[in-house]
Amino acid sequence: MDTASLTSTPLHRGAEADLSLATIGPWKVVVKRRVRKKYRNPILDERIRHDRTISEASVIHEAKTAGARVPSIVGVDIENNAIVMTHLAGTVARESLDDMGKSEAQKLLRSIGEQIGLLHTAGIVHGDLTTSNVIVSPFGAPFIVDFGMSRRSVEPEDRGVDLHLLKRSIIASHRQNPASMMNSMIRGYEKTTGKKVASSTWRKAREIARRGRYFAIR
Amino acid sequence: MCLGIESTAHTFGASLVDDRDRIVTNVNSTYRPPVGVGIHPRKASEHLASVADRIVKTALSTKDSSSIAPDVIAYAAGPGLGPCLRIGATVGRALSSFLKRPLVPVHHGVAHLDIAMSITKAHDPLAVLVSGGHTSILVHVGKRWRVYGETQDITLGNLLDMFAREAKLPSPGGLSVSREATKGENLIKLPYTVKGNDVAYSGLLTAAATSLRRQGNLADLCFSLQETAFSMLSEAVERSLVQTRRSEVLLAGGVAASPRLREMIGSVAEDHGASFHPVPIEYSGDCGAQIACSGRLAYESGITVSTSDSFVTPRWRMDEVDVPWIPRA
């Protein structure tokens, strides 16, 4: 698929890719193009962009097949390190979470937990789970986006990283009580993974947090 | 006038900072281990103890060699090597009881950020702290620094030091690796591990050390090690910058002296329209001035400790310290 000939309007500038909006037939699509990073050695840069484009496209497709709420892949442009996927309408959870009441926020977190559980059950870890990577549809259903760092894995370690990153993003960017938010998330997660996986992943997530520098049991 | 005493690892330092945040004196002595060997905590602490009185005396004397009596004594209470921390704490307690001046405990990592913010005039930055003890990406929320990303195993300083040791390059490792790297040009494929905003360097160290033992080209390896390790951190910084939307990027700590790292983090800041605040190289490594600078701010916020409670804390996370003086004016 050639994305260079598509007419598109800029939508969002992320950390590693530019998103733009285009129309293909009846669909509104998002073109995610991984841009060259000036700070990175050109060989390393090309390798990272190429590998991540391919891996992201295939993982998103697999997640969709597993029934998770993710965008649908429309096409991949390997030459330009670009992925074309369906556009999702809604708000970014990072923006909307702080405006919600406690029960609404808990309901959303539970629902996000269910989605993460679906991904993990399908053998996919996200690798960069933050509230910035969740889009809440107008009907309140969360879609997980940005699979640039994701991999196929069923290791408790990798699953734990997902929950650890989400927890830290809630602590660092939101004023909601992190413990109660994560409790709701875990309840949702448990619904789709089962008790056994949920408790082992959560145990691992806490262990990963303690790996940070200078943690002491006091 | 605040006297700061640094003694968390290899450096004993004493420094005076005045009420207008100007560094009046800054005297330091660093223990250098033999080539191929790391810092032995006891040997380092013996060095610190042997230079302590001379360093403090020099820091307290003016140009006409009259002596200044500080109003506040700040000491590095952690994190760091226990035997080393205890030297600085002992000196601090002694001076505080003798001069009858208040004692202020300082977090060494927070102090790295404070001195960098003072000198580069940063207000509320995304802070990147890179040293032998820390590799963290932090933002200030409420009363504390919050860790937005960090290393999951060894620090960037550890990585460079340990590789330099393997390669029999002299300490400080970061400088030696940086010098060798300028002669390298071939990028060797090494593990690149970024997990969200976190990085992990141990796999990279193992791969680089293994390649070295298999007679890999040292200059190329140093070049590739730097490119890979710094790219990982830069990516995590870029991601954090986009998420936190800060308009300033602060770079502090010993590894902040690396020209290549400054170039890369500076490029990330510029790309996202943020101003770049790298700590001047002479204040990047451990020094008394950072403790004096941070101690002064803490004292102004009412933080002091009684001699009987003035413990050292070898393990002390950045996000466990109240830092009410940020955002800075």
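The values are calculated or read from the model by the stated rules, or taken from the named source; none is laboratory data. These figures come from a predicted structure and were not determined experimentally. Virtual Cβ from ideal backbone geometry, glycine too; neighbours counted across all protein chains shown.
Checked against the criterion of being surrounded by 15 or more Cβ atoms within 10 Å (Cβ to Cβ), at pLDDT 95 or above and either within 14 Å of chain B (Cβ to nearest Cβ) or farther than 26 Å from A:Gly140 by Cα (or both), the range A:20-34 contains one or more residues that satisfy it. Condition check for A:Val92 on (1) at pLDDT below 95; (2) over 25 Å from A:Ala22 (Cβ atoms): one failure, at (2).
Looking at the structure I just gave you, is A:Ala179 crowded, with 21+ Cβ neighbours inside 10 Å, free of Cβ contacts under 8 Å to residues at least 24 places away in the same chain and not β-branched (Val, Ile, Thr)? The answer is no for A:Ala179. Does B:Ser136 count as in contact (Cβ under 8 Å) with a residue 12 or more places away in the chain, outside the structural domain of B:Val37 (by TED's automatic domain parsing) and out of contact with any Phe, Trp or Tyr (no Cβ under 6 Å at 6 or more places or on another chain)? It is true that B:Ser136 is in contact (Cβ under 8 Å) with a residue 12 or more places away in the chain, outside the structural domain of B:Val37 (by TED's automatic domain parsing) and out of contact with any Phe, Trp or Tyr (no Cβ under 6 Å at 6 or more places or on another chain).
The C-beta contact set for the range A:77-102 (first residue within 14 Å of chain B (Cβ to nearest Cβ), second residue assigned to a loop (DSSP other than H, G, I, E, B), distance under 6 angstrom, 6+ apart or interchain) comprises A:Leu97/A:His174; A:Asp98/A:His174; A:Asp98/A:Arg175. Per this entry, B:Arg101 is not counted among residues that are in a helix (DSSP H, G or I), in the same structural domain as B:Tyr75 (by TED's automatic domain parsing), within 21 Å of B:Ile303 (Cβ to Cβ) and among the charged types (D, E, K, R). Of the candidates B:Ala298, B:Ala269, the single residue that is in the same structural domain as B:Arg20 (by TED's automatic domain parsing), surrounded by 23 or more Cβ atoms within 10 Å (Cβ to Cβ) and at pLDDT 95 or above is B:Ala298. Meeting the requirement of 2 or more residues that are within 14 Å of chain A (Cβ to nearest Cβ), the helices (runs of 4 or more DSSP H) wholly within the range B:152-228 are B:156-166, B:202-213.
Do we have A:Ile171 as within 14 Å of another protein chain (Cβ to nearest Cβ), of a type in the set (Val, Ile, Thr) and either free of Cβ contacts under 8 Å to residues at least 40 places away in the same chain or over 24 Å from A:Ser55 (Cα atoms) (or both) here? For A:Ile171, the condition - within 14 Å of another protein chain (Cβ to nearest Cβ), of a type in the set (Val, Ile, Thr) and either free of Cβ contacts under 8 Å to residues at least 40 places away in the same chain or over 24 Å from A:Ser55 (Cα atoms) (or both) - is met.
Only a single item in (1) modelled with pLDDT of 95 or more; (2) within 14 Å of chain A (Cβ to nearest Cβ); (3) farther than 30 Å from B:Ala94 by Cβ is not met by B:Gly253, and it is number (3). Here A:Arg187 clears all of (1) more than 29 Å from B:Leu156 (Cβ to Cβ); (2) within 14 Å of chain B (Cβ to nearest Cβ); (3) not aromatic (Phe, Trp, Tyr) except the condition numbered (2).
Could you please find all residues in the range B:120-144 being in a strand (DSSP E or B) and surrounded by fewer than 24 Cβ atoms within 10 Å (Cβ to Cβ)? Hits for the range B:120-144 are B:Val139, B:His140, B:Val141, B:Arg144.
Select from the range A:116-135 the residues that are part of a helix (DSSP H, G or I) and either among the hydroxyl-bearing types (Ser, Thr, Tyr) or in contact (Cβ under 8 Å) with a residue 60 or more places away in the chain (or both) and list them in ascending order. Hits for the range A:116-135 are A:Ile116, A:Gly117, A:Leu118, A:His120, A:Thr121, A:Thr131, A:Ser132. Looking across B:Ala127, B:Ala89, B:Ala111, B:Ala77, one residue alone is under 20 Å from B:Met318 (Cα atoms) and touching a Pro at 6+ places or on another chain (Cβ under 8 Å). It is B:Ala77.
Among the residues making up the range B:215-263, those that are closer than 24 Å to B:His140 by Cα, among the basic types (Lys, Arg) and under 22 Å from the mean Cα position of the chain (by Cα) are B:Arg246, B:Arg262. Right, B:Asp286: buried (at least 24 other Cβ atoms within 10 Å of the Cβ) and acidic (Asp, Glu) or not? When the stated conditions are applied, B:Asp286 passes them. Against the criterion of being of a type in the set (Val, Ile, Thr) and more than 14 Å from chain A (Cβ to nearest Cβ), B:Val147 does not qualify. Checking A:Arg203, A:Arg175 one by one, the residue that is of a type in the set (D, E, K, R), assigned by TED's automatic domain parsing to the domain that holds A:Thr130 and either closer than 26 Å to B:Pro79 by Cβ or not in a loop (DSSP other than H, G, I, E, B) (or both) is A:Arg203 and no other. Out of B:Ala76, B:Ala89, one residue alone is part of a helix (DSSP H, G or I), in contact with a strand residue (DSSP E or B) (Cβ under 6 Å, 6 or more places away or on another chain) and surrounded by 18 or more Cβ atoms within 10 Å (Cβ to Cβ). It is B:Ala89. Of all residues in the range B:167-178, those that are within 12 Å of B:Leu218 (Cα to Cα) have Cβ atoms under 7 Å from Cβ atoms of residues that are aliphatic (A, V, I, L, M) and in a helix (DSSP H, G or I), 6 or more apart or on another chain, in B:Ala167/B:Leu212; B:Ala167/B:Leu218; B:Leu169/B:Val177; B:Ser176/B:Ala164; B:Val177/B:Leu160; B:Val177/B:Ala164; B:Val177/B:Leu225.
Being more than 21 Å from B:Asn197 (Cα to Cα) and either in contact with a strand residue (DSSP E or B) (Cβ under 6 Å, 6 or more places away or on another chain) or of a type in the set (A, V, I, L, M, F, W, C) (or both) is a property that A:Ala22 has. Filtering the range A:136-157 for residues that are surrounded by fewer than 23 Cβ atoms within 10 Å (Cβ to Cβ), assigned to a helix (DSSP H, G or I), away from chain B (no Cβ under 14 Å) and not aromatic (Phe, Trp, Tyr) leaves a non-empty set.
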